[in-house]
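Below you'll find the structure, written out as structure tokens, and then a few comments.
The values are calculated or read from the model by the stated rules, or taken from the named source; none is laboratory data. Given the structure is predicted, the values throughout are model-derived calculations rather than measurements. Cβ coordinates were reconstructed from backbone atoms using ideal geometry, including for glycine residues, and neighbour counts include every protein chain displayed. The area values use the complete protein model at the heavy-atom level, side chains included, leaving out ligands, DNA and RNA. Shrake-Rupley method; radii C 1.70, N 1.55, O 1.52, S 1.80 Å.
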Amino acid sequence: MTADSTPALVQPADGPDGDPASAGPSSAARGPRARNTKAYVQYAAAKIAGAVVSLFAVLVTSFFLFRLIPSDPVKQMTGGKRVSAEQLENLRHQFGLDQPMWKQFTSYIGDALTGDFGTSYQFHTPVIDKIADALPATLLLTGTAYVLYSALGIWLGTRTAWRNGSRSDRFNTAFALTLYSVPSFWLGLLLIIVFSVGIGPIPGMFPTGGLESGGETGFAYIIDVAHHLVLPVITLVAVGYAQTLLVMRSSLLDEMGSDYLTTARAKGLRDDVVRRKHAVPNAMLPTFTLMFVNLGHVVAGQILVETVFSWPGLGGLFYSALSVPDLPLVQGLFFVFATAVILANTLADILYPLLDPRVGR
């Protein structure tokens, strides 16, 4: 067969000057890598667009949801005192509660889109300022607990799964299941009774609540805050680590029968290396998602735990606002909580394909 009879499908494409080198952009620019990058960008854009829609839906929901509460904010703020109808009407006008519902809604949406959630009924300060004041306390409590229970849950979940069926596996799994089923507020109350009030031979060693005792400065202040952190952090860690352990254990058990681990062992790799470098990275994918979901809850905090320990964070502030109800503050906090969860989930969705190429391609 002569050279001229070569099939056209396999002949190089010549450029305008007959030179194959000038045939235009290389095929690599149009190859699998370019297609994968484009697919990933489209995937990420779709997730971000979905998050924006969810945030707007939360904004709308927060307005109507708390207006279903059968309570009059103005009467609640007067504390049951004898107030004339004229004074009540003036207060309603001051807070804009005498306006038609559609006008309240449009004003709320317009202001919220600019970051203005109104003024708190009970504190008479801008909602965004009140949230900013309480946010550091929540981040300190839930952030500390998040780091501790994530690390503890992953470590214990890996060890229990790798030693499946052993005594330590049965004990850790049963203990985690027990803690996971215990209400966090009940566990917090139990810790206060035992370690704050004291029971039997156990003396009260920790404060019953609050962020600080007051009057301390410098290093003594840090020690005082750490002392107040112990019981609420233990409460959050006990519940959080149990969930992480169970997910990590289940994921690793699913991976342990895979062929690639058998191949790794056949190559002569030590069992410890097989676990650390092959099994655990793949088993981390579901735990990775859980960690990002929990990361969103770091901002929201644990409302019941903060309330039980009188912690001056967003959770306690939400409980206080809900009891009135302080509509601007409740709406602002609800939006902040939901935003943190939505953004954390969206970030997990965007990063997940980088760890598992099968997703988003």
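Among the residues making up the stretch 276-313, those that are without any contact (Cβ under 8 Å) to a residue 60 or more places away in the chain and not aliphatic (A, V, I, L, M) are 276, 277, 278, 281, 282, 286, 292, 296. The residues listed here are 188, 153, 143, 115; of these, the one that is within 28 Å of residue 57 (Cβ to Cβ) and assigned to a helix (DSSP H, G or I) is 143.
Restricting attention to the stretch 244-273, which residues are basic (Lys, Arg) and either open to solvent by 60 Å² or more (accessible area, probe 1.4 Å) or farther than 28 Å from residue 146 by Cβ (or both)?
Start the filter on the stretch 244-273 by keeping residues that are basic (Lys, Arg), which leaves 249, 265, 267, 270.
Selection gives 265, 267, 270.
Screening residue 184 against (1) under 22 Å from residue 307 (Cβ atoms); (2) modelled with pLDDT under 90; (3) out of contact with any Ser or Thr (no Cβ under 8 Å at 6 or more places or on another chain) leaves a single unmet condition, (3). Selection of first residues in the stretch 136-160 that are more than 8 Å from residue 241 (Cα to Cα) and of second residues that are open to solvent by less than 30 Å² (accessible area, probe 1.4 Å) and of a type in the set (D, E, K, R), restricted to Cβ pairs under 9 Å at least 6 apart or on distinct chains, gives the following pairs, ordered by first then second residue: 137/306; 138/306; 141/306; 142/306; 159/169; 160/169.
For residue 319, the criteria (1) more than 17 Å from residue 62 (Cβ to Cβ); (2) at pLDDT below 90 hold in every case but one, which is (1).
Looking at the stretch 50-59, is at least one residue aliphatic (A, V, I, L, M), modelled with pLDDT under 80, under 20 Å from residue 116 (Cβ atoms) and open to solvent by less than 90 Å² (accessible area, probe 1.4 Å)? No, the stretch 50-59 contains no residue that is aliphatic (A, V, I, L, M), modelled with pLDDT under 80, under 20 Å from residue 116 (Cβ atoms) and open to solvent by less than 90 Å² (accessible area, probe 1.4 Å). Is the stretch 329-337 home to any residue that is over 30 Å from residue 207 (Cα atoms), open to solvent by 20 Å² or more (accessible area, probe 1.4 Å), modelled with pLDDT of 85 or more and within 19 Å of the chain's Cα centre (by Cα)? Yes, some residue in the stretch 329-337 is over 30 Å from residue 207 (Cα atoms), open to solvent by 20 Å² or more (accessible area, probe 1.4 Å), modelled with pLDDT of 85 or more and within 19 Å of the chain's Cα centre (by Cα).
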